[in-house]
1. So, restricting to strands (runs of 3 or more DSSP E) that lie completely within the stretch 234-322, which ones have at least 2 residues that are under 30 Å from residue 72 (Cα atoms) and open to solvent by less than 10 Å² (accessible area, probe 1.4 Å)?
2. Does residue 411 satisfy the condition of being open to solvent by less than 30 Å² (accessible area, probe 1.4 Å) and not in a helix (DSSP H, G or I)?
3. Of 356, 401, which residue is surrounded by fewer than 20 Cβ atoms within 10 Å (Cβ to Cβ) and hydrophobic (A, V, I, L, M, F, W, C)?
4. If residue 328 satisfies all but one of (1) open to solvent by less than 50 Å² (accessible area, probe 1.4 Å); (2) at pLDDT 95 or above; (3) of a type in the set (S, T, N, Q), what's the number of the condition it fails?
5. Working only within the stretch 106-125, note down all residues that are among the hydrophobic types (A, V, I, L, M, F, W, C), open to solvent by less than 10 Å² (accessible area, probe 1.4 Å) and either touching a helix residue (DSSP H, G or I) at 6+ places or on another chain (Cβ under 8 Å) or assigned to a loop (DSSP other than H, G, I, E, B) (or both).
6. Only one of these conditions is not met by residue 416: (1) of a type in the set (Val, Ile, Thr); (2) under 23 Å from residue 244 (Cα atoms); (3) at pLDDT 95 or above; (4) surrounded by 15 or more Cβ atoms within 10 Å (Cβ to Cβ). Which number is it?
7. Could you say whether any residue in the stretch 393-412 is touching a Ser or Thr at 6+ places or on another chain (Cβ under 7 Å) and either β-branched (Val, Ile, Thr) or closer than 26 Å to residue 147 by Cα (or both)?
8. Pairs, please: C-beta under 7 Å, at least 6 apart or cross-chain, first residue among the basic types (Lys, Arg) and in the stretch 277-291, second part of a loop (DSSP other than H, G, I, E, B) and open to solvent by less than 50 Å² (accessible area, probe 1.4 Å)?
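The values are calculated or read from the model by the stated rules, or taken from the named source; none is laboratory data. Because the structure is a prediction, the values reported are computed rather than measured. Reconstructed Cβ throughout: ideal geometry from the backbone, glycine too, with neighbour counts over all protein chains shown. These accessible areas exclude ligands, DNA and RNA; they are computed on the full protein's heavy atoms, side chains included. Shrake-Rupley method; radii C 1.70, N 1.55, O 1.52, S 1.80 Å.
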Amino acid sequence: MTKAWDQLRGAFLGSLCQPGDAGYDQRRRVYNGLIDRHPALIATCQGVSDVVVALAYARESELPVAVRGGGHSVAGHGTCDDGVLVDLSLMRGVRVDPLRQTVRVEGGALLADVDRATQLYGLAVPTGQVSVTGIAGLALGGGLGRLQRKFGLTCDNLVAADVVTADGELLTVDEDSNPELLWGLRGGGGNFGVVTSFEFQAHPVGPIVVAGLMAYPMDQAAAVAGFLREFIAAAPPELSADQLFMHTPPRPDIPAEMHGLPITGIFVCHCGSIEDGMAAVAPLRAFGEPVADMIQPMPYVELQRMLDAMNPNGNLHYWTGEYLPALTDEAIATITGLNGGLFSPHSLVQLIPFNARPTAIPADATAFSHRDESWLVHVLGQWTDPAQTQAGIRWGKEFGAQLRSLGTGDVYLNLVTDDEDVDRVQAFWSDARLQRLARLKAQYDPGNVFRFNHNIAPAPVAVVS
């Protein structure tokens, strides 16, 4: 063993796991079962000091570095081959300040950890829709979810962070200290360092909200999309409403003859009062000929778990998507036509309105680039049989190509794999924004140590100066 290894073992408080060690195969796995990488070392950190010494070991040993929070990146950014995996999964602490309505969250926390802690005080941070997602990757990449129309994206609610840089420097990041780095963390991904803790603004939500799915036969999909287009344009910001295309789960509140068949529906959440929520969803409940009405008051933490069963760890995934500038009749016809052939019972497509609070924030206020009113189509190809992999990827790529004929290649980066037919990084960030991010990257990670992400190359030294 090397001197660097001896120093690591002497200083590391968490657990170190190498190929051949007990539990290695389980610990190297991530959410997407298509990702099959083998780190040389999995360094599961107990605290910030472990992050520092793990990075020092990687530097001394000249090994690549990947960082894993929740391990939910569909692109597999939370792991690597033959490198050091800095694993934050034990760092899941959440501390709520109910007076300031802020939340301090460690880098390995899951959305469920945040929801449970904040709901004790009737608060919530705008996050995603699957509770086993890690807060770190979600926030650094943007963070879309059910509260965004009222309170903005997760990154819009990031007020401070603690960061360990590639050379082991500890940084406090807020509006007063390293404000340009704070700008970059709000949507610039994991390009600049290891974020060991975040501080978020929380908001009064719950504990009971009006939420659920209004389900329709798939042959009504175009009419449902047309209704949603008009419905959400006039809806209060407290209400979110996404159209889903999926196979019917075997739930008792859905007719048995529909189980396993393709359906569509509008999934809603109203984060205001129960009375206001029921009034807001009344037009939806009166629309069309639904096969099931599952909208009701429910605990916010229960709502946040509702899609977990449809997104288990270990299934095989290919995701793509597109921001559409408008939901035209042509777009509706394309989307609903494609969804008549959902690839597998596990596959899902979402049609998400992107308006209200996220589009009211100035475009230059955060690194997150997309601030135009639009519609995000998220294509989630998912299957369990490895023999279906090539067909599943082909289905996703063909769906994506059809969507790009309606858009510009711009997409929410957290929802795509690296195996895309277009340069999504270039499509998401403008040249000017990429140059600003590249200068920031050159300042904090000139060696591009943190490169297992939607990567931003450091600016050349002459450009930085």
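1. 239-247, 262-270
2. The answer is yes for residue 411.
3. Exactly one of 356, 401 is surrounded by fewer than 20 Cβ atoms within 10 Å (Cβ to Cβ) and hydrophobic (A, V, I, L, M, F, W, C), namely 401.
4. Single failed check for residue 328: (1).
5. 109, 111, 114, 124, 125
6. Here residue 416 clears every test but (3).
7. Checked the stretch 393-412: no residue is touching a Ser or Thr at 6+ places or on another chain (Cβ under 7 Å) and either β-branched (Val, Ile, Thr) or closer than 26 Å to residue 147 by Cα (or both).
8. Listed by first residue and then by second, the contacts come to 285/295.
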